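J.: My structure is below; once you've seen it, I'll send some questions.
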Amino acid sequence: MPPFINTPIRKIAISTGGGDAPGLNAVIRAAALSAIQRGWEVYGVRDGFHGLLLPEEYPDGGLIPLTRDRVRGITHLGGTILGTSNRNNPLKYPILRDDGTIEEVDRSDEIVRSFRLHHIDALITVGGDGSLAIASVLAKKGLRLISVPKTIDNDLDKTQVTFGFDTAVGFATEALDRLHSTAASHGRVMVVEVMGRYAGWIALHAGVAGSADVILIPEHPYDIHKVVEKIKERDRLGSKFTIVVVAEGAIPMGGGVSVVEHEAGRAERLGGVGEKVAADIHAISGKETRVVVLGHLLRGGSPTSFDRLTALRFGAAAVRGLEEGQAGVMVALDPPQVKYVPIEEAMGQMKMVPMDSDIVRTAQDLGISFG
Ligand code: F6P
């Protein structure tokens, strides 16, 4: 696929894939308005790529026209007006065979065919690591596309930050503020589980901003005895309560990640580490311990102004990039600019928390334990 394609664009489509994140609607609005200004027609694909793969399931044929009216007043809304999906990955689409087994098949050619059928000249895909992998295959098969990075976990490399992260951190910080009063009044340990499957950015940022005492993240396998030591030290110093923030992907030393479910065609579902940490703390220290799982609350609500602005910039930059002839790239925030990075490069690796970073060292200076 050449990096620049100069044939004229008349019609584009936008799809949102993977878990929702606050700011998706802002991307859709910015991309739609920028495209309409250029005289292009804009369509939204329903539910990730589902609208293209199974159009017969939708009364509107799986594609909705994104007019000025349709995208009015959506910047501040959480979720995505197009729908999304982190199941049924088109590269590993699960098909139930007669013998009851599930076979995973690659349906990317059908997506390409559907694009040609609808005379769509270019695609903007908004999504995380899974969507980038799909975008990379579609780009190699000749689709002119630009990806917009999305994840509340902030674990995509090559962009300084993704929209949704700031909103999630703000909500988690407020939750920690609120939990302090009960923890202090009862002299309890409060374990707060937040999202973050591969990287502990949400746990780290919210934990520091929300004055947690212990932060457990996937980048640093934790020793539960060190966590209990921290709790006992606080007890001795007169603080009878402890707030522990744990990322869903945190792992105990010598152990593995806590998995709830593994379903064909999608990433395994994580969960349960908060319960495990709380049970272990109680068993070792005898302290009264409670767990709060923030989970999908972190993905909901109105995006912060920072996330709205990032999302609007990404949506507008995607359309500008298409106009300039870019293809097979992801837009990325490289302050003060938004730039374009080849999708292959962006997919290369996850962005993990460096344990020698300033924010980790700040946490350590504040006396926060990483277990
Ligand atoms: O990638 C974002 C994320 O929020 C992860 O932290 C989490 O593991 C996953 O989505 C959960 O997604 P769902 O419950 O929608 O399958």
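The values are calculated or read from the model by the stated rules, or taken from the named source; none is laboratory data. What you see is a predicted model, and the numbers here were worked out from it, not measured in a lab. In this analysis, Cβ positions are derived from the backbone assuming ideal geometry, glycine residues included, and neighbour counts consider all displayed protein chains. Please note that ligands, DNA and RNA were not included when accessible areas were found on the heavy atoms of the full protein model with its side chains. Shrake-Rupley method; radii C 1.70, N 1.55, O 1.52, S 1.80 Å.
J.: Among the residues of the range 10-26, are any within 16 Å of the ligand (Cβ to nearest atom), at pLDDT 95 or above, crowded, with 20+ Cβ neighbours inside 10 Å and part of a helix (DSSP H, G or I)?
T.: There is at least one residue in the range 10-26 that is within 16 Å of the ligand (Cβ to nearest atom), at pLDDT 95 or above, crowded, with 20+ Cβ neighbours inside 10 Å and part of a helix (DSSP H, G or I).
J.: Limited to the range 302-326, what total is found for residues that are in contact with an Asp or Glu (Cβ under 6 Å, 6 or more places away or on another chain) and away from the ligand (no atom under 16 Å from the Cβ)? It would help to see each step written out before you state the result.
T.: We begin by selecting, within the range 302-326, every residue in contact with an Asp or Glu (Cβ under 6 Å, 6 or more places away or on another chain); these are 304, 306-307.
Then drop every residue that is not away from the ligand (no atom under 16 Å from the Cβ), which leaves 304, 306.
Residues in the range 302-326 being in contact with an Asp or Glu (Cβ under 6 Å, 6 or more places away or on another chain) and away from the ligand (no atom under 16 Å from the Cβ): 2 in total.
J.: Give the residues of the range 311-328 that are open to solvent by 10 Å² or more (accessible area, probe 1.4 Å), among the aliphatic types (A, V, I, L, M) and under 19 Å from the mean Cα position of the chain (by Cα), sorted by residue number. Working first, answer last.
T.: Within the range 311-328, the first condition is being open to solvent by 10 Å² or more (accessible area, probe 1.4 Å), and the residues that meet it are 312-313, 316, 320, 323-324, 326, 328.
Filter again for among the aliphatic types (A, V, I, L, M), leaving 312, 316.
Passing the criteria: only LEU312.
J.: Further, regarding this structure: Would you check if there is a residue in the range 83-90 being open to solvent by 20 Å² or more (accessible area, probe 1.4 Å) and touching a Leu at 6+ places or on another chain (Cβ under 9 Å)?
T.: Within the range 83-90 (the criterion being open to solvent by 20 Å² or more (accessible area, probe 1.4 Å) and touching a Leu at 6+ places or on another chain (Cβ under 9 Å)), the answer is yes, since at least one residue qualifies.
J.: Which one of these does GLU233 not meet: (1) in contact with a Lys or Arg (Cβ under 9 Å, 6 or more places away or on another chain); (2) open to solvent by 40 Å² or more (accessible area, probe 1.4 Å)?
T.: (1)
J.: Continuing with this model, one more query. Take the residues in the range 347-365 that are outside any helix (DSSP H, G or I) and under 16 Å from ALA209 (Cβ atoms), then tell me which one is most open to solvent (accessible area, probe 1.4 Å). Walk me through how you get there before you give the answer.
T.: Narrowing the range 347-365 to residues outside any helix (DSSP H, G or I): 348-357.
Now narrow it down to the ones that are under 16 Å from ALA209 (Cβ atoms): 353, 357.
Values: VAL353: 6, SER357: 23 Å².
That would be SER357.
J.: For the range 252-275, give me each residue that is under 22 Å from LEU204 (Cβ atoms) and open to solvent by less than 40 Å² (accessible area, probe 1.4 Å). Spell out the reasoning first.
T.: As a first pass, look at the range 252-275 and keep what is under 22 Å from LEU204 (Cβ atoms): 252-253, 255-258, 267, 270-275.
The answer is PRO252, SER258, LEU270, GLY271, GLY272, VAL273, GLY274.
J.: Considering only residues that are farther than 14 Å from ARG70 by Cβ, of a type in the set (D, E, K, R) and buried (at least 17 other Cβ atoms within 10 Å of the Cβ), which ones fall in the range 27-50?
T.: Across the range 27-50, the qualifying residue is only ASP47.
J.: Looking at ARG269, ARG299, which is the one that is within 16 Å of the ligand (Cβ to nearest atom), within 13 Å of ARG197 (Cα to Cα) and among the charged types (D, E, K, R)? Walk me through it before giving the result.
T.: Values: ARG299 fails: within 13 Å of ARG197 (Cα to Cα).
Among ARG269, ARG299, only ARG269 is within 16 Å of the ligand (Cβ to nearest atom), within 13 Å of ARG197 (Cα to Cα) and among the charged types (D, E, K, R).
J.: Consider the range 276-304. How many of its residues are closer than 19 Å to GLU261 by Cα and either surrounded by fewer than 16 Cβ atoms within 10 Å (Cβ to Cβ) or of a type in the set (Lys, Arg) (or both)?
T.: Here the count works out to 3.
J.: Considering only the range 239-257, I want to know if a residue exists there that is among the charged types (D, E, K, R) and more than 13 Å from the ligand (Cβ to nearest atom). Let's see the steps before the verdict.
T.: Narrowing the range 239-257 to residues among the charged types (D, E, K, R): 240, 248.
Still in the list and also more than 13 Å from the ligand (Cβ to nearest atom): 240.
So far as the range 239-257 goes, yes, one or more of its residues are among the charged types (D, E, K, R) and more than 13 Å from the ligand (Cβ to nearest atom).
J.: Looking only at the range 47-76, count every residue that is over 25 Å from LEU312 (Cα atoms) and either modelled with pLDDT of 95 or more or assigned to a loop (DSSP other than H, G, I, E, B) (or both) and tell me the total.
T.: Looking only at that region, the number is 5.
J.: Quick check, is ILE102 open to solvent by 30 Å² or more (accessible area, probe 1.4 Å), farther than 30 Å from LYS287 by Cα and either touching a residue at least 60 places away in the same chain (Cβ under 8 Å) or away from the ligand (no atom under 16 Å from the Cβ) (or both)?
T.: Working: open to solvent by 30 Å² or more (accessible area, probe 1.4 Å): yes; farther than 30 Å from LYS287 by Cα: yes; either touching a residue at least 60 places away in the same chain (Cβ under 8 Å) or away from the ligand (no atom under 16 Å from the Cβ) (or both): yes.
Considered against the rule, which asks whether it is open to solvent by 30 Å² or more (accessible area, probe 1.4 Å), farther than 30 Å from LYS287 by Cα and either touching a residue at least 60 places away in the same chain (Cβ under 8 Å) or away from the ligand (no atom under 16 Å from the Cβ) (or both), ILE102 comes out as yes.
J.: Considering only strands (runs of 3 or more DSSP E) fully contained in the range 132-222, which possess at least 2 residues that are surrounded by 21 or more Cβ atoms within 10 Å (Cβ to Cβ) and within 12 Å of the ligand (Cβ to nearest atom)?
T.: Details: elements: 145-149, 189-194, 214-216.
Per the criteria, 189-194.
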